[in-house]
Amino acid sequence: MRAAWIGLGVMGYPMAGHLVTRGSVDMTVYNRTGAKAAKWVETFKGRAAVTPAAAAKDADVVFACVGNDDDLRQVTIGSDGAFNSMKPGALFIDHTTASASVARELHAAAKARGLGFVDAPVSGGQAGAENGMLTVMCGGDEADYARAEPLIVHFSKMRKLLGPAGSGQLAKMCNQIAIAGLVQGLAEAVNFGMKAGLDMEAVVDVISKGAAGSWQMENRHKTMIAGKFDFGFAADWMRKDLGICLDESRRNGAPLPVTALVDQFYAEVQKLGGGRWDTSSLIARFQNLDKK
Ligand code: NAP
């Protein structure tokens with residue numbers, strides 16, 4: 001199996017690594033900043049290419065994990081994009097969190113060139129990527145997914161085809177909508193408890209075992225209490241994702257009042273200088289008020 005990987009960021013770097021160490025894939029990588037590709041090649045077996053097209057040329061499967069819709073268009077249908085060089089019958093698997101419309105657009109462009117395309121955004125964060133324990137939400141044709149699944153398995157604990165092209169991105173939107181309000185609720189609870197003079201570590205120890213328990217409560221309460229946000233899933237990325245959700249809701253008519261509000265709270269976090277802070281930094285808005 002010859003594969004190519006485009007985008008060795010926080011997520012892509014370890015995911016591509018798992019394909020080599022667990023999947024024994026023969027890998028060529030491309031990263032816009034060449035130093036990251038050189039480091040990856042030093043760590044794992046494989047080669048680095050200077051453009052997405054050069055990386056994808058002989059590959060049976062090409063993966064991508066870049067930033068947003070425009071980045072994705074650039075590395076696929078752009079002048080040095082992978083679609084220009086992929087061989088007929090090859091498959092493109094996209095792990096970027098992007099819009100459903102760009103997934104449908106690239107699915108159609110891929111089919112027109114005799115290629116397969118699966119949109120496959122992920123959840124589970126940096127730790128999930130490093131441990132190979134991501135959740136992968138997929139959209140596309142059944143035959144393409146059947147080829148993708150045995151590879152995705154190397155860095156995921158859960159994966160599923162959820163419908164035609166764009167369905168993976170729509171499922172990821174559900175994921176982000178569900179997280180947005182939950183993190184704000186958790187920030188309010190932790191801040192409230194601290195104001196009330198409670199030992200919030202002890203409180204969370206109890207309430208996390210009841211109906212209020214969540215991944216965010218388990219994994220983020222300690223750093224929320226400490227006011228530490230220099231890790232994890234960046235507020236800038238979350239605003240990109242919530243923007244995608246709000247755009248889609250204008251099309252399908254589903255009201256997203258809490259999501260819209262929390263999006264504005266993240267805009268405030270960005271103004272506090274927290275664009276790269278973890279999404280749990282919603283509590284920083286309250287901590288900042290206390291300083292005033
Ligand atoms: P990241 O660390 O910022 O990495 C982004 C990668 O994309 C880098 O390799 C970057 O290259 C490359 N890239 C961006 N724009 C490009 C362009 N126009 N042409 C070529 N390469 C380009 O981001 P990440 O955290 O890995 O996230 C990647 C995707 O996964 C995003 O869509 C994000 O929303 C999603 N995601 C992230 C997490 C998380 O916890 N981090 C969780 C779930 C989903 P350079 O190295 O040159 O900058």
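The numbers here are math on the coordinates, done by the rules we state, and not lab data. Please read these numbers as outputs of a predicted model, since none were measured by experiment. Backbone-built Cβ (ideal geometry, glycine too); neighbour counts: all protein chains shown.
Data table
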{"quantity": "Set Lys39/Lys222; Lys39/Lys111; Lys36/Lys209; Lys45/Lys160; Lys160/Lys209 screened for pairs whose C-alpha atoms are more than 31 Å apart", "calculated": "Lys39/Lys222; Lys39/Lys111; Lys36/Lys209"}
{"quantity": "Over the stretch 170-291, relative contact order from alpha-carbon pairs under 8 Å, at least 6 apart, %", "calculated": "36"}
{"quantity": "Shape of the stretch 1-56, Cα gyration tensor, a/c cut at 1.5", "calculated": "oblate"}
{"quantity": "Point-charge dipole on Cβ atoms (K/R +1, D/E -1) for the stretch 134-217, about Cα centre, debye to 20", "calculated": "60"}
{"quantity": "Relative contact order (percent, whole number), the stretch 2-164, Cα cutoff 8 Å, 6+ residue spacing", "calculated": "20"}
{"quantity": "Neighbour net charge for His18 - beta-carbon separation under 14 angstrom, K R +1, D E -1", "calculated": "+3"}
{"quantity": "Shape category assigned to the stretch 158-250 from the gyration tensor of Cα positions, a/c cut at 1.5", "calculated": "prolate"}
{"quantity": "Relative packing of peptides 4-16, 46-58 - highest average C-beta neighbours within 10 Å first", "calculated": "4-16, 46-58"}
{"quantity": "Calculated diffusion of the chain, Stokes-Einstein form, Kirkwood radius summed over Cα pairs, 4 °C and 1.567 mPa s, µm²/s", "calculated": "65"}
{"quantity": "Gyration tensor (alpha-carbon) shape descriptor, the stretch 2-164, a/c threshold 1.5", "calculated": "rounded"}
{"quantity": "Stokes-Einstein translational diffusion, the stretch 225-275 - Kirkwood Rh over all Cα pairs, 1.002 mPa s, 20 °C, in µm²/s", "calculated": "181"}
{"quantity": "Dipole moment magnitude, nearest 20 debye, the stretch 2-164 about Cα centre, only Lys, Arg, Asp, Glu C-beta charged", "calculated": "320"}
{"quantity": "Length added when fully stretched, Ile77-Leu246, from 0.36 nm per residue minus Cα-Cα", "calculated": "58.2 nm"}
{"quantity": "Two-decimal log10 I(q)/I(0) for the stretch 82-146, as the Debye equation yields it once each C-alpha is a single scatterer, q = 0.24 Å⁻¹", "calculated": "-0.99"}
{"quantity": "Cβ crowding within 10 Å averaged over residues, with 131-143, 257-269 ranked highest first", "calculated": "131-143, 257-269"}
{"quantity": "Residue-count net charge about Phe44 - beta-carbon cut-off 13 Å; Lys, Arg +1, Asp, Glu -1", "calculated": "+3"}
